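We did not get these values from a lab; they are worked out from the coordinates using the rules stated. What you see is a predicted model, and the numbers here were worked out from it, not measured in a lab. Cβ coordinates were reconstructed from backbone atoms using ideal geometry, including for glycine residues, and neighbour counts include every protein chain displayed.
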Amino acid sequence: MKRTLMFLSVIILTFNHISLQAQKSGIEPLKYNINIELNDSTLWVNISIKAIKAETGQKDFLLFNRYIQIKEADLNDAPLKYSRSNDTLYFESSQKGEMTLLMQYEIPCSTMEYSNIVASYSDSTFTYPVLFDTSQIFCERFNKWYPVLYDNFSDYQVTITVPKTHSVFAYYPEIGCKDIAGKYVYSFNCFDEDFPFFITQANIFQPKKVIQYNTTNYEFCFLPRNRRLLAIVDNKPVFTSDSKQIDSLLDVSINRSMAAIEWYNANLWQKEFKTLCFVETGILGLGACLGSFILMDRILMNMEAIENYALSHEISHIWLGIHTEYLAKGKFFMGESIPEYVNLLFYESWAGTDAFEKAIQDKINLKLFDVPFYTVTFEQVLNQKKGDPQADEIIYNKGVAFVHEFRKQIGKEKLLKIIRETYSVPNHFVTLNDFENNIKANDCWNEYLKLFEIEL
Ligand SMILES: [Zn+2]
C-alpha cells in the first residue's frame, strides 16, 4: 500500500503548477498577440509581444524553450540581437519605453507519428522530456513555448488554426470558432499570466459525456479504450477488458469529479465557469489543471488513482495553488501541500474520518528507500523545491501532514477560513507571507509557530 502510494505520489502528484512571482512593482502586463497554425508537419507560431518598460524592475530577458528554433525575430522593427543560455533568451537593452517583439518560429511535428522534438517541462533546472505528438500537442508556459517573464500577469489575444480533424482546448473558454478556408480558427482572450492550450485530434475520443449542472457544462472526453488499468493490487497493475467494468470506472471518475466540484464550491468559494472539460490523454503521464480544462493522463484513469484523490487534486487547483509566487520560500507548500490537504478534506467528507486518518498516517509514515520512515521539519517543507521523487514526497505528503497538524490545533473551520482569505484575492500571486498574515489576523500565530518545533 505504501509503495502504491509512492507510485501514486510520483505519477499523480508530479504536476506542478509553476506560477509566477508576485508583482511587487512596476512591471506592466505583457500584451501578446499569438497566431498559431497547425499544418501537416509544422506548428507555425507568429507572436507579437508588446511591453511597456517600467522605470524599475523590467528585465532584458525572457524565458523561452531552448529547443525551439527562432526563424525570425525583430525588436522595435530592427532584427533582434539575442543570446540564449539554457531556457533564457537575453536581448539587448532598448532605451525606448515601449518594446515590440515580433517572432516567428515553427515546431516540426508529424500528424502521423511522434516527432523527436522535445520540450522542456517544468522550470529549466529540472527538465523532463515531453514528446510533441501532433495528434495531441500540449503547450503551456512551463514548456516556455512562447517567451515569458516569470513574474508578470499578461494579456493574451490568441488564434489557433487547425484542420477540421482537430480540436483545441485552452485555459480560457474560446470566444469564437470560425470556419475559414476549410479550417477551424479558434480565438481566445486570456488575462492571466499563462495561456496553456491543448490541440488534439477530434475523432479519437468517445462521444462526449456532457453534464449540465447549475450554469456549467461539464464535458468528459475519454479515449476509447477496450482495455483499461483498473487498479494496482500488490504493486501489480490489473487490467480489465470488460465493457461494464470500464463503463462503471468512467462513471466513478465522473461522479467523484462532480462531487469534488460541489464540495469545493461549498467549502472554499463559489466559482463561476461556463465549461469545464476533462480531457484524457496518453502523452503526459500526469494530470494538470489548466483553467477551463483538466488534462488527465490515461494512467490516472483507474480506481486506485481515483480513490487516492488524483482527479479531485487537479480540480482543487481551480481554486488553489495556480497563482503562487515563483521561486519563493513556501512556493510548493502553498501551491501543492495546502491544495492537497484541502483535497483530503473532501476525501474525509465522503470516505469518513477513519479513512482520512489513515491517509494522513500513510503520509507521515513514508518510507524512504530502505529507511523505514523518516521525518522532516516544517522549515524543510517550506524550503523544498521540486526535482526528484523525494521532493515530491516532502511536498505532497510531509507538507500535507503539517497542514493537518495545524488543523488539529485551530480546527477545520478556522483553517478553511484562513485558506479562503489567503487564496481568494483576484489577480494576485499568493505567497507564504499572505498565509502568515492571515494566520495572524485570525489569532492563530502561536499555533502556527508550534509547527516549527515538531518533526513529522
Ligand atoms: Zn497539484
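The Rg/Rh ratio of region 323-453, with Rg taken over Cα atoms and Rh as the Kirkwood radius over Cα pairs, comes to 0.95. Can you classify region 251-375 as rounded, prolate or oblate using the Cα gyration tensor, where a ≥ b ≥ c are the square roots of its eigenvalues, rounded means a/c under 1.5, and otherwise it's prolate if a/b beats b/c and oblate if not? Because its axes are fairly even, with a/c under 1.5, region 251-375 counts as rounded. Taking a sphere under 14 Å around the Cβ of Val238 and counting the other residues whose Cβ falls inside, with K and R at +1 and D and E at -1, yields a net charge of -1. Relative contact order of region 323-453, taken over Cα pairs closer than 8 Å and 6 or more residues apart, is 33 percent.
Can you sort Ser83, Ser312, Ser349 from fewest to most other Cβ atoms within 10 Å of each residue's own Cβ?
Values: Ser83 10, Ser312 23, Ser349 14.
Exposure proxy ranking, most exposed first: Ser83, Ser349, Ser312.
Can you sort Phe378, Phe273 so the residue with the fewest Cβ neighbours within 10 Å comes first?
Values: Phe378 23, Phe273 15.
Going from least to most buried by this count: Phe273, Phe378.
Between Lys208 and Asp74, the simple spin-label model (points 7 angstrom out along Cα→Cβ) gives 3.9 nm. Near Ala181: Cβ cut-off under 13 Å, other residues only, Lys/Arg at +1 and Asp/Glu at -1. The net charge is +1. Cα-Cα over 19 Å: which of Lys329/Lys386; Lys385/Lys440; Lys164/Lys274; Lys31/Lys81; Lys363/Lys408? Distance filter (> 19 Å) returns Lys385/Lys440; Lys164/Lys274; Lys31/Lys81. Each of Val233, Val148 was scored by other Cβ atoms within 10 Å of its Cβ. Arranged with the fewest first, they read Val233, Val148.
With 19 Å as the cut-off, how large is the P(r) tail for region 209-316, expressed as percent of Cα-Cα pairs? Write down the numbers at each step before the final one.
Values: 2430 of 5778 pairs.
So the portion of pairs separated by more than 19 Å is 42 percent.
Of all lysines in the structure, those lying under 18 Å Cα to Cα from Lys271, and not within fewer than 8 positions of it along the same chain, are Lys417.
With K and R counted +1 and D and E -1, the other residues having a Cβ less than 14 Å from that of Glu421 yield a net charge of 0.
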